[in-house]
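The structure under discussion appears below in the form of structure tokens.
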Amino acid sequence: MARGTTISDIRPGDTVFVYETGLDLTALRNATTDNPVTALQRFNDDDPKKGLINTIPVPDDTNFDLIDASVGDNTGLYFAYNVQDGITSRLYIRYPDVSIEAVLAAPNHAERIEGISVPTGTEIAFRVISSDVGTYYTAGETRAAVELVLTTPGGAEMTSFGGRDFSNLPIDGSLFYTDDPGRPGPVALEDLEQGMYRVQARWTSPQGFADDAEDSNVITFSVGDRVGVNTTTPTTAATTAPTTVPTTAVTTETTAPETTATTPSQTTAATTETTVPVTTMTQASGTLIPALGAAALLLFALRRR
């Protein structure tokens, strides 16, 4: 639900976020008495008839800053209050939250790639999730925003990588992809030095979020040479083994029938050699990405900051 004329104009039932500043709570006053709101109160089970859980003082309801020390873990429904009128209205208080995931580029957004290997040059995108901020922090064209920051193995940070600029991403919905229309587009992380990289979404606006709100989880990936994944090697081994073993078996049977007992041993060896490549090939194809030969890999692993 959008707010009033400006992002600071809070109406009854609105959601406000910790770290917001300059909030105008005058619309929460009693319409008849127009007495200033002096406190925001939270009750057990959201019921004013039950015990009081938390009280947030409001020194000036025309210019109110919501700080984390006043809220703590007590997020949820609050009631506007003053001594003369008692409870006059209600609003919700939440913390701003954002998280990211790495996925294949459109149309394969359903394929998350954390924890698997993908060939260098594969186009990927980032899923940015901020359900509450994307839904409730809006007034006209005003939105919160984040940037995606890539940290290199040497510690340098950049918001432009893979030929895309991720320095300003408005949170205009509960979820979006960085290759959606109007967004930076898909990115292929290639031509990078070997080592470990990190990607994180960081708040850029409003300023209170940028200064104090928790940034997103961190996605890590490594760049290095492909080892033991290339499907070219298993394919060659699988072709050679069946051809060589049957030929030897026929020669043995023709020359010395007494050596027939040796044939099962050779056949078993062939079976073993055949099974190993097949298994390796299945694992490689399971990534849903065409084999591109020996090349650098991106190994993604999701973790929280």
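Just the protein heavy atoms count here, and of the accessible area of region 1-130 at 1.4 Å, carbon and sulfur take up 47 percent.
Rounded, prolate or oblate: pick one for region 63-116, where a ≥ b ≥ c are the square roots of the eigenvalues of its C-alpha gyration tensor, a/c under 1.5 means rounded, and failing that, prolate if a/b is larger than b/c, else oblate. The shape class here is prolate. Compared with the rule-of-thumb size 2.2 N^0.38 Å for a compact globular protein, region 1-40 has a Cα radius of gyration ratio of 1.16. Take ILE53, project a point 7 Å from its Cα along the Cβ direction, then tell me which residues of region 13-40 have their backbone nitrogen under 15 Å from it. Only 40 pass the distance filter.
Taking amide H positions as modeled 1.01 Å from N, with prolines and chain starts lacking one, the residues under 5 Å from GLU20 and 5 or more places away or on another chain are LEU66.
Put the Cα centre of region 1-42 next to the Cα centre of region 104-119 and the gap is 43 Å.
In sequence order, region 165-179 has phi-based couplings of 9, 10, 7, 8, 10, x, 8, 9, x, 5, 7, 8, 10, 6, 10 Hz under the Karplus curve 6.51 cos²θ - 1.76 cosθ + 1.60, θ = phi - 60°, and Gly or Pro positions carry x.
Close amide H contacts of ASN30 (hydrogens built in the peptide plane, cut-off under 5 Å, sequence separation of 5 or more or a different chain): ASN35. Name the shape class, rounded, prolate or oblate, that the alpha-carbon gyration tensor gives for region 155-225, where a ≥ b ≥ c are the square roots of its eigenvalues, rounded holds for a/c under 1.5, and otherwise prolate holds if a/b is larger than b/c and oblate otherwise. Oblate shape, in that a/c is at least 1.5 and b/c is the bigger or equal ratio. Electrostatic tally near GLN207: other residues with Cβ closer than 12 Å to its Cβ, Lys and Arg +1, Asp and Glu -1, net -4.
The values are calculated or read from the model by the stated rules, or taken from the named source; none is laboratory data. Note that this is a predicted model, so its numbers are computed, not measured. Using ideal geometry, Cβ is built from the backbone for each residue, glycine included, and neighbour counts are taken over all protein chains shown. All accessible areas refer to the heavy atoms of the entire protein, side chains included, with ligands and DNA or RNA removed. Shrake-Rupley method; radii C 1.70, N 1.55, O 1.52, S 1.80 Å.
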